[in-house]
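The values are calculated or read from the model by the stated rules, or taken from the named source; none is laboratory data. Computed from a predicted structure; not experimentally measured. So basically every Cβ, Gly included, is an ideal-geometry build from the backbone, and we count neighbours across all protein chains shown.
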Amino acid sequence: MLKQRRQFAEHVAASLFEAEDAIDAALAKCAALAGVMPLRKEAGLSALVGQDAVEWTTRSIAALAEARRAICEAHKQLDEAKTQIGLGAVTMGDPGMPKPQSASEPQRLRHVRAA
């Protein structure tokens, strides 16, 4: 039974990582698009040309940022579910990738000496 749970968890984890990567890629592509559109002056175009497109592109970036927040929350929930099904000690992602600190963990501050 534990083997079946682990196989299922690995399948879910792979799908989750693909979804995270897809959202990140879409966010990067939309940001690149938003970065190119203001170059309209090089083509001799007025700022009025394409303004709606600029606004819709920035809206898509905001929507993708919200989607990224949602998939991150899903990731956290799936991590909790992994523990609930007895796989808490099993790492599903890249073992070399550090796990981010939770909000409840104290942040360590470093002293920086002025030059």
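Structural remarks
- Single unsatisfied condition, E73 versus (1) free of Cβ contacts under 8 Å to residues at least 40 places away in the same chain; (2) surrounded by 11 or more Cβ atoms within 10 Å (Cβ to Cβ); (3) within 21 Å of the chain's Cα centre (by Cα): (2)
- Scanning segment 38-85 for residues that are farther than 21 Å from F17 by Cα and either of a type in the set (S, T, Y) or part of a loop (DSSP other than H, G, I, E, B) (or both) turns up G44, L45, S46, A47, L48, V49, G50, T57, T58, S60.
- Where L48 falls short, out of the listed (1) modelled with pLDDT under 85; (2) of a type in the set (A, V, I, L, M); (3) loosely packed, with under 11 Cβ neighbours inside 10 Å: (1)
- Only a single criterion out of (1) in contact with a Leu (Cβ under 9 Å, 6 or more places away or on another chain); (2) modelled with pLDDT of 95 or more is not satisfied by R6, namely (2).
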